[in-house]
Structures are given as C-alpha cells and as structure tokens.
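The values are calculated or read from the model by the stated rules, or taken from the named source; none is laboratory data. Everything quoted here is computed from the prediction, not taken from an experiment. Cβ coordinates were reconstructed from backbone atoms using ideal geometry, including for glycine residues, and neighbour counts include every protein chain displayed.
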Amino acid sequence: MKLRKNSLKPLRFDRSGAIDAAFGLEERDIAAAIPELEAVRQELGARVAGTAAGSADGGFIGLPERLLREYLEDRQSSDLGRIFRRANHMQSFADRVVVLGAGGSTFGARAIMDACCQPYWNELSRGDRGSKPRMYFAGDSFDNDATQSLLYLLGAHRDHIATDEIERWGLVAISKNGEALETSVAFRQFLNALEKSVGGERSQLADLIVSVTQEGSSLHAMAESAGAKDHLPIPTGIGERFSVFSSVGLLPAALIGVNVIELLQGAAWMTDHFFTAPAHENLVLQYVSVNHLLATKHGIDQRVLSAWSNSLASFGRWNDHLWSESLGKDGRGATPITAINSGDLYTRHQQHACGLANKLINNVILDEYRFDALPIGLRSENTDGLNSISEMALPELMRTSMELTNQSLHTCGRPTTTLHVPCLDELHLGQLLQMMMLCAVVEGEWAGIDPWNQPELDALQTQISRSLRYR
C-alpha cells in the first residue's frame, strides 16, 4: 500500500546507559536471557498463527496487518471502510466532537491526537483544521466541574437550537462492555444536552452519535434508543488497554484527519520486526531484557518514561496505564512513572538522581520535529547574555539538555536507556504504540505474570457500580 507522504524509519534503542557493572547490567546478563525471550517470542507467534492454545487477548498483535489487508480487499465493507465512512459523515455535520470513555477506551485516542496534531489543535480555526472537528475527552471520572465546564463550552446552558455545522457537536461513546459507570453517567448527561441542542430531532441525532462497544451492551442499547444508527464493534480477543488500533482509537483519529493507514503500517512493521529481527537487533526483546533484568537483579522497581516532547504527554499516560494493568499483580510489577522533559527536570531530577536508587530512566526523544527549528534569536540589549548562543535552536537545546541529564544520572549511579523516534508522525507513532504493547506482553509472559487480565480493577469497578446503581 502506497504511503501518503512519509517514509518509515525504524525506531532506535540505545541501552548503553544501562550497561555498567557498578549500577547496571553486563552484556553477558542480556546474552543469557535471550534463549528464554526467544521461547516467549515463538509462543506468541504460534498463538497469533492460531497453532497454540492460550489467551485470545493476543488479537491486538495481528490486528494492524489484518485491517490493512481487509481494506485493500474491500474498501466499502471492511472495518476501516466503515470507520472512514462514519468519520467523514460526522465531520460534515459537527465542528466539535466529545469522546466519552474511561481508561483504555480513550487513552490511546488522546495519545494519537496529541502526537499527530498541532499542540493547540482545538484553538485553530475550522479552515486551519482542514474542516476537521475540535475534539474533547470526558466520561473518565465523576468530576463535576470538568463536566459542567465542557457542557458550558458546548452551549448546553443556552436555550438555542444549533442550525449549522459550526454550532453542532457530536458524541462518540466508547466502552468495551458498556459497563464503565463513569462513561454511562456522562453519556446520559451529554446525550440530554445534545438532544436539546438539536431540538429533539432524532434524524439529526443519528448523524451526531456513534457508539463503540460490544453488540448488546447497555451503552449500545442507550445509543440505539436515542436514534443512533451507527455502531462500531470492538473485536473480540482485544482488551481495552490493547485496543488503540481498533475502532476505539481509529475512529477518533480519523475524525481529526490523522492518517490511519500510516498509523497501522507503522504498527504492522513493528509486529513483523518483532517476529523476524534477530535478538541483538530486536527492539522489543532488547527493551524488555534491560527493563526486566534491572528489576530482578538490582531491585529497580520504578521505570521512568522520560519523554522529551510535550506532544508525548498523553502517550506517557497511556503507557503508564498499559504497564500498570498488565504487570501490576501478585505483589509484582515495576511501577511506571512519566516525566515530560525538559520541564519536569525542575520537578523530578533531584529525586531521580539522588533519591532511592530504584529507578531506571527510559528516555524517549525525537530526532526530528514537526516545525522548523526555532533559534534563540538576537536582542540588541543582551541583558540575559544569550546573544553568544543566539543561533542555537530549540531542538539542539533539548538534545543538549538530555545528554547532560543522562551524564548527571550516570554520575549518580542511575541507569538510563534512550529510544529514538525519527519523527512524531503516524508511521513512527504506530511503531511506538505497538512496540510498547508487545513489550508489556513479552515481559509478562517471561516473568510468569498474566499480562492480559486486571482482576482487582474489575472487582473494584463492579463494587462501585453495584453500590451506586442499586442504592
């Protein structure tokens, strides 16, 4: 399939900052772990191919390639065809879209939006957004003020019927089983406001509501009762935290004009790389080996994702969710923490460098940026003394800051790794998302932790739901 404009470059993983006998690993540690990791890779490969019994949740692994293949075979009836058709339809009817969902139902979509769109997307004019809608996320908490503020922004306080696409807004409700109480409550509240905004016209509601959930769920039934005609199912065998490449993540992405094809191509490339690249070049096996061995050999049970771009903040939250739910079980599993640098150096570096020696710093840095490099610039008065480096641009300052931070951490006996992302576009974000999901699963299987379930969270959600629903 032809790429729209970009060329794929592989991510690069540099583990040299974690190879030090004094505070990190030795090469022989990693070499000794490779046979066990190879066994995990083979077992996952057999599971994807359907030749081994095991958890059906592994469906996310082959999903990107399957979606692309089916779209090539039948653009109208395929899952991607349906997603594109629904996104194009809603784009023409609404200038704002509210995406409702909790946890993995929206974290992936937020990560895609923040990484692939301009940082102030919602502040741009409709023309600058290419007639794509603004996008807001809700339905993940019972926060009264956040909900009221968004409803106010949408005009729910006004007795006014929207008459054109500039005034109209749409609603996408996402929940795998439809049982997340936060999402159900928000759907009722926003649906009431949406009905009011169109004067109760059910024909207009049908253009402005989409549910992404399992057939027959309470969320699906609620949407249908309101007149919604479009429903996008979530494939079986894919847990919410692994669902970013299903309609859960792809419909919101398509709505704001993200190149979904390239996103999936990047993910499919990472899957192929995982199954075919030799161990010493394999991004997944190398990342897992360093992270897991530092935990088991040195007690390094906190992993800091040090993302050197504000556009990766939502990716960091998605990543925290992925690792926490996948490996936090039975008194085990490293604690994931996200830092957004260089800003968070002022918040966290002192503790990371000189606090408890139980942290691995996993840097994620961009090799290229979306916009041209912005230099410091000259000032005639030079009161800040920066004229001597006025030609330096922000990307160079960021790289220098990261290099000096790593040196400081190493001096203090703290291991680091660096994952280089060639640029933050769909092709390379697709690689990054799929890599992290594969890493979480591989480490879980290697460590003997079930990476697919979340029993304590499920029990808590059930308890909250029953306590509140049946008072």
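Here Leu68, Leu72 are screened, and the one residue that is within 22 Å of the chain's Cα centre (by Cα) and in a helix (DSSP H, G or I) is Leu68. Any residue at all in region 221-230 that is more than 23 Å from Gly108 (Cβ to Cβ), touching a Lys or Arg at 6+ places or on another chain (Cβ under 7 Å), part of a loop (DSSP other than H, G, I, E, B) and modelled with pLDDT under 90? Scanning region 221-230 turns up at least one residue that is more than 23 Å from Gly108 (Cβ to Cβ), touching a Lys or Arg at 6+ places or on another chain (Cβ under 7 Å), part of a loop (DSSP other than H, G, I, E, B) and modelled with pLDDT under 90. Only one entry of Val172, Val185 meets the criterion of being part of a strand (DSSP E or B) and among the β-branched types (Val, Ile, Thr), and that entry is Val172. Scanning region 435-471 for residues that are of a type in the set (Val, Ile, Thr) and either in a helix (DSSP H, G or I) or touching a strand residue (DSSP E or B) at 6+ places or on another chain (Cβ under 7 Å) (or both), which turns out modelled with the lowest pLDDT? Checked region 435-471; the qualifying residue modelled with the lowest pLDDT is Thr462.
So is Ala373 assigned to a loop (DSSP other than H, G, I, E, B) and either touching a strand residue (DSSP E or B) at 6+ places or on another chain (Cβ under 9 Å) or within 30 Å of Ile238 (Cβ to Cβ) (or both) or not?
The answer is yes for Ala373.
All of Ser211, Ser184, Ser217, Ser197 fail the test of being crowded, with 17+ Cβ neighbours inside 10 Å, over 21 Å from the mean Cα position of the chain (by Cα), within 28 Å of Ile61 (Cβ to Cβ) and hydroxyl-bearing (Ser, Thr, Tyr), apart from Ser217. Residues in region 61-110 that are modelled with pLDDT under 95 and of a type in the set (Phe, Trp, Tyr): 1 in all. Would you check if Glu445 is acidic (Asp, Glu), touching a residue at least 24 places away in the same chain (Cβ under 8 Å), outside the structural domain of Gly239 (by TED's automatic domain parsing) and at negative phi? Taking the combined requirement at face value, the residue satisfies it.
Restricting to region 193-202, name every residue that is more than 18 Å from Ile166 (Cα to Cα) and either in contact with a strand residue (DSSP E or B) (Cβ under 8 Å, 6 or more places away or on another chain) or not basic (Lys, Arg) (or both). The one that is more than 18 Å from Ile166 (Cα to Cα) and either in contact with a strand residue (DSSP E or B) (Cβ under 8 Å, 6 or more places away or on another chain) or not basic (Lys, Arg) (or both): Gly200. Cβ separations smaller than 7 Å between residues 6+ apart or across chains give the following pairs from region 21-44 residues that are part of a helix (DSSP H, G or I) to residues that are loosely packed, with under 14 Cβ neighbours inside 10 Å: Asp29/Lys297; Glu43/Ala52. Within region 393-416, none of the residues are within 30 Å of Leu63 (Cβ to Cβ), among the β-branched types (Val, Ile, Thr) and surrounded by 13 or more Cβ atoms within 10 Å (Cβ to Cβ). Quick check on region 118-129. Is at least one of its residues crowded, with 22+ Cβ neighbours inside 10 Å and either of a type in the set (A, V, I, L, M, F, W, C) or closer than 16 Å to Gly257 by Cβ (or both)? No, there is no match, as no residue in region 118-129 is crowded, with 22+ Cβ neighbours inside 10 Å and either of a type in the set (A, V, I, L, M, F, W, C) or closer than 16 Å to Gly257 by Cβ (or both). For region 92-128, a residue qualifies if it is in a loop (DSSP other than H, G, I, E, B), among the polar types (S, T, N, Q) and either within 18 Å of Val172 (Cβ to Cβ) or in contact with a strand residue (DSSP E or B) (Cβ under 9 Å, 6 or more places away or on another chain) (or both), and the qualifying residues are Ser92, Thr106. Answer with yes or no whether Glu368 is acidic (Asp, Glu), in a loop (DSSP other than H, G, I, E, B) and surrounded by 13 or more Cβ atoms within 10 Å (Cβ to Cβ). Yes; evaluated as a whole, the condition is true for this residue. Among the criteria (1) at positive phi; (2) in contact with a strand residue (DSSP E or B) (Cβ under 7 Å, 6 or more places away or on another chain), the one Ser131 does not fulfil is (2).
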